[in-house]
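The values are calculated or read from the model by the stated rules, or taken from the named source; none is laboratory data. Remember, it's a predicted structure, so these values are computed and weren't measured experimentally. Every residue, glycine among them, receives a Cβ derived from its backbone with ideal geometry; neighbour counts consider all protein chains shown. Note: areas computed on protein heavy atoms with side chains; ligands, DNA, RNA excluded. Shrake-Rupley method; radii C 1.70, N 1.55, O 1.52, S 1.80 Å.
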Amino acid sequence: MIVIDEYLAVRVVFARWPDGLPNDELAVPASRHWRLLQALHSPRGGQLSQVLSPLSEPDRAALRWPHPEVLQVLDPRPLLDEAAMIAARFGGTGLLIAESLAAGLAHNRQLWFGTPANVGRLLERAAGELGIDLHVLAPA
């Protein structure tokens with residue numbers, strides 16, 4: 001299973017599979033799906049809101065409830081304890097980063113991102129120390 005961020009989730013739900021993304025089951029952490037849902041329901045003009053603004057209602061529904069054969073939303077419960085330990089160890093991480101790192105540990109020690117903006121210094125440092133490979137597939 002490949003753990004991806006919300007930007008790659010948008011691309012794969014609409015069959016725009018990025019070059020370089022392995023052909024495997026895909027999953028998004030619940031906190032990243034939450035971020036996607038927030039941008040759908042309450043756009044704030046940011047990069048994600050701009051990506052989602054032109055979508056039709058059926059396309060918005062496809063992101064709200066992605067087909068599990070296309071994209072799974074990870075159950076956060078098995079990840080929360082590990083995420084809390086990561087947050088304590090690296091200080092200053094919120095749930096989004098800590099849960100993403102815990103998901104990376106649980107699934108192939110990899111995280112895949114659709115924008116470099118989602119890989120901050122803290123996430124990069126923590127991933128390095130935890131042995132998680134980071135991959136960024138910026139939009140074409």
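Restriction of the GluC sites (Glu not before Pro) in segment 33-140 to DSSP coil positions whose beta-carbon has at most 10 other beta-carbons within 10 angstrom yields Glu69. Using Cα atoms only, what is the angle between the long axis of helix 121-130 and the major principal axis of the chain, expressed in degrees (0 to 90) to the nearest 10? The helix 121-130 is inclined about 60 degrees to the chain.
Suppose R0 equals 22 Å; then what is the FRET efficiency for Asp75 and Leu130 from their Cβ-Cβ distance, rounded to the nearest 0.05? Working shown, then result.
Values: r = 21 Å, r/R0 = 0.94.
For Asp75 and Leu130, the calculated efficiency is 0.60.
Exposed loop sites are taken as trypsin sites (Lys or Arg not before Pro) in a DSSP loop (any state but H, G, I, E or B) with at most 16 other beta carbon atoms within 10 Å; the longest stretch of the chain without one runs 45-108. Taking the Cα-to-Cβ direction at Glu57 and at Ala15 and moving 7 Å from each Cα, how far apart do the two end points lie in nm? Calculated label separation equals 2.3 nm.
These residues, Val51, Val28, go from largest to smallest accessible area, 1.4 Å probe, as Val51, Val28.
Roll a 1.4 Å probe over the protein chains and send me the accessible area per residue for the chain in Å².
Counting only protein heavy atoms, the per-residue value for the chain is 52 Å².
When +1 charges are put on Lys and Arg Cβ atoms and -1 charges on Asp and Glu Cβ atoms, the dipole computed for the chain relative to its Cα centre reaches about 400 debye. Extent along the principal axes, Cα only, for the chain: 42, 32, 28 Å, with the longest axis given first. Using alpha carbons only, how many angstrom separate the centre of segment 84-140 from the centre of segment 6-57? With segment 84-140 and segment 6-57 each reduced to a Cα centre, they are spaced 17 Å. In this structure the amide hydrogen of Ile2, modeled in the peptide plane, comes within under 5 Å of the amide hydrogens of Glu25, Leu26, Ala27, none closer than 5 places in sequence on its chain. Could you tell me what percent of the accessible area of the chain is made up of carbon and sulfur, with a 1.4 Å probe and every protein chain present? It is 54 percent, rounded to a whole number.
Give the long-range amide H neighbours of Leu74: residues separated by 5 or more places, or on another chain, with amide H under 5 Å away, using H modelled in the peptide plane at 1.01 Å from N. Under 5 Å from the amide H of Leu74: Val28, Ala30.
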